[in-house]
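Visitor: Please find one structure pasted underneath; my questions will follow.
The values are calculated or read from the model by the stated rules, or taken from the named source; none is laboratory data. Small disclaimer: the values here were computed from a predicted structure and weren't measured. Cβ placement follows ideal geometry from the backbone for every residue including glycine, while neighbour counts extend to all protein chains displayed. Only protein heavy atoms, including side chains, enter the accessible area calculation; ligands, DNA and RNA are left aside. Shrake-Rupley method; radii C 1.70, N 1.55, O 1.52, S 1.80 Å.
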Amino acid sequence: MGSASSAYRVIYLDVDGRIQKVVFSRFCSPYDIKELFCTALGLPRNTTLSLLDSTGAMVSIDPTMPHNTERAFKINELKTEVTNRLAMLEKRVELEGMKVVEIEKCRSDIKKLREEMASRNNRLVTCHFLDDNKKLTPRRDVPSYPKYHLSQETVEALRQPTFDVWQWEPNEMLSCLEHMYHDLDLVKDFNMNPITLKRWLLCIHDNYRMNPFHNFRHCFCVTQMMYSMICLCSLQETFTQVDILILMTAAVCHDLDHPGYNNMYQINARTELAVRYNDISPLENHHCAIAFQIFSQPDCNIFSTFDPEAFKQIRQGIITLILATDMARHGEILDSFKHKVDSFDFTDEEHVTCLKMVLIKCCDISNEVRPMEVAEPWADCLLEEYFMQSDREKAEGLPVAPFMDREKVTKPTAQIGFIKFVLIPMFETVMKLFPQIEDVMVQPLRESRDRYEELKQIDDAMNETKLLTDWPDGQSKSFYQGMSTCTADYFSEQYLDFLLRCFF
């Protein structure tokens with residue numbers, strides 16, 4: 001028990017029932033005080049001491065330290081707490097050990113299931129189109145991604161072209177896709193099994209490769225933009241539900257198993273895909289084939305409730321839209337739509353099919369519609385994939401497109417021509433039919449074009465300055481003028497046909 005005056009501090013010690021009074025200066029060091037206690041108690045000077053008050057709390061022997069609270073340093077409580085935590089940790093170790101056993105059992109069950117499915121030859125399909133003998137995902141008894149309850153804010157944002165697709169993990173994107181099918185009443189109207197929808201989406205995810213650009217996030221991005229256009233343009237009021245189902249499903253499947261090398265590479269390298277499909281849209285044909293191999297698995301067939309004739313219609317509709325994403329056909333498809341748009345007839349099947357083809361094309365290349373902070377990383381990803389291809393083409397002695405060569409292209413030069421001659425004309429044509437897209441889709445494209453043109457002007461000015469600094473007079477001027485002429489040719493409409501045949 002302690003008391004204090006201005007210059008001294010007094011502590012009364014209970015030693016074997018006898019109260020000993022110890023007085024020391026407030027300016028004594030803790031070491032001196034410890035020696036004083038040892039002397040008072042008749043103990044050796046190097047004895048370790050713990051001083052407790054009447055409640056069992058430890059008392060500091062350093063006069064400069066504040067008093068401890070009642071709860072601090074209660075040894076019994078600390079011992080109990082440590083014991084409890086040790087018991088809890090031992091339990092966790094035990095549970096983790098059980099999990100390991102369960103995981104091994106699960107792996108064994110999966111192996112047996114795969115062997116059984118392979119023996120029946122109707123559950124597991126092996127794809128031999130590409131070098132890696134990729135396998136489609138087999139049935140999973142329990143879908144492995146959790147069901148996320150989307151907030152109202154997320155539900156509303158999901159309907160907008162401004163949706164930030166970079167914020168979401170794969171499991172969350174799967175749940176968002178699942179929500180779209182439910183929100184559009186496709187699950188209810190076509191009596192889809194919700195578990196089959198989950199398994200199908202899992203299989204879709206597993207059959208997109210980890211490319212810089214053509215990956216599952218791109219699939220989600222395109223499908224979310226399609227969902228956004230369906231909502232924004234009120235397409236459910238003018239299209240049948242079968243049309244909506246075809247639009248959404250084609251968007252989900254449109255780049256399945258994309259190898260990261262475009263059609264131009266496939267054809268020039270004479271790959272198995274190019275040979276199989278006679279150089280005619282080899283990638284898009286492959287995406288269709290993988291999509292319907294997945295649908296051929298009963299556990300992934302979201303169309304199981306359709307009769308054969310209805311399924312045939314849906315199959316043809318999905319194939320038509322996926323094949324339309326080949327940019328080599330861009331001019332043909334857009335010209336056809338331009339001839340129809342001024343007198344468009346929603347009861348004319350040919351008109352509706354043409355519109356659906358244009359819609360999936362818009363969604364497939366819609367990144368620049370999104371806010372700059374969402375769109376710009378996609379441009380970086382696309383350039384990265386292009387540079388990987390051009391590096392491989394150089395190594396294999398194949399032709400290299402100039403806009404894919406890391407030594408010749410910059411982000412502004414890659415984007416300006418595409419926005420100016422491909423995106424804006426196509427979206428402005430769609431705007432004639434749906435004026436409501438101007439503010440949220442067309443205007444952002446114009447702003448993106450202007451921003452990249454400003455960046456190009458800055459790059460040109462810096463290059464001119466560098467050339468004037470590094471080159472002798474006259475040579476630099478003529479060289480720079482030559483570069484400017486090449487740049488103008490790069491953006492000319494005559495160059496567009498070659499651009500589109502190589503771009504995707």
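Visitor: Which loop chymotrypsin sites (Phe, Trp or Tyr not before Pro) in the range 311-395, with loop taken from DSSP, have no more than 16 other Cβ atoms within 10 angstrom of their Cβ?
Guide: Of the chymotrypsin sites (Phe, Trp or Tyr not before Pro), the ones in loops of the range 311-395 whose Cβ has at most 16 other Cβ atoms within 10 Å are Phe344, Phe346.
Visitor: So, one more: For Asp405 and Ala269 in one chain, what is 0.36 nm times their gap in residues minus the Cα-Cα distance, to one decimal in nm?
Guide: Numbers: separation 136, 0.36 × 136 = 48.96 nm, distance 1.73 nm.
Full extension from Asp405 to Ala269 adds 47.2 nm.
Visitor: To continue, here is another question. Would you kindly state how much longer the chain becomes between His182 and Glu453 on full extension, computed as 0.36 nm times their sequence separation minus their alpha carbon distance, in nm to one decimal?
Guide: Extra length from His182 to Glu453 when fully extended: 93.4 nm.
Visitor: Can I ask one more? Determine the distance separating the Cα centre of the range 347-395 from the Cα centre of the range 293-321; give it in Å without decimals.
Guide: So the separation of the two Cα centres works out to 25 Å.
Visitor: Follow-up question, since we're still on this one. Leaving ligands, DNA and RNA out of it, report the carbon-plus-sulfur percent of the accessible area of the range 305-459 at a 1.4 Å probe.
Guide: Looking at the range 305-459 in its full context, I get 50 percent from C and S.
Visitor: In nm, give the distance between the simple-model label positions of Gln443 and Glu237, each being 7 Å from the Cα along the Cα-to-Cβ direction.
Guide: It is 2.1 nm.
Visitor: A follow-up question, please. First select every other residue whose beta carbon is under 9 angstrom from the beta carbon of Pro212; then total the charges, Lys and Arg +1, Asp and Glu -1. If you can, show how the numbers build up before the last one.
Guide: On the way: positive: none; negative: Asp380, Glu384, Glu385.
Net charge around Pro212: -3.
Visitor: Taking the range 152-419, how many lysine pairs are there with alpha carbons less than 17 Å apart, if each pair must be eight or more places apart or span two chains? Each step should come with its number before you reach the end.
Guide: Values: Lys188/Lys198; Lys338/Lys356; Lys338/Lys361; Lys340/Lys356; Lys340/Lys361; Lys394/Lys408.
Lysine pairs meeting both conditions in the range 152-419 amount to 6.
Visitor: Any idea of the accessible area per residue across the range 233-335, 1.4 Å probe, to the nearest Å²? Each step should come with its number before you reach the end.
Guide: Numbers: 3690 Å² over 103 residues.
In whole numbers, the range 233-335 has 36 Å² accessible per residue.
Visitor: Over the range 196-235, with every protein chain in place, what whole percent of the accessible area is carbon and sulfur at 1.4 Å, could you tell me?
Guide: That fraction is 54 percent.
Visitor: Of the GluC sites (Glu not before Pro) in the range 329-408, which ones lie in a loop per DSSP and count no more than 16 other C-beta atoms within 10 Å?
Guide: Those that pass, being in a loop and sparsely packed, are Glu407.
Visitor: Which one of Asn278, Ser228, Trp168 is farthest out on the positive end of the charge dipole of the range 152-419, using unit charges on Cβ (Lys, Arg +1; Asp, Glu -1) and the Cα centre as origin?
Guide: Of the candidates, Asn278 comes out farthest on the positive side.
Visitor: Moving on to the next point. Once you have the Cα-Cα distance between Ser108 and Thr429, take 0.36 nm times their residue separation minus that, and quote the gain in nm to one decimal.
Guide: 109.9 nm is the gain from fully extending Ser108 to Thr429.
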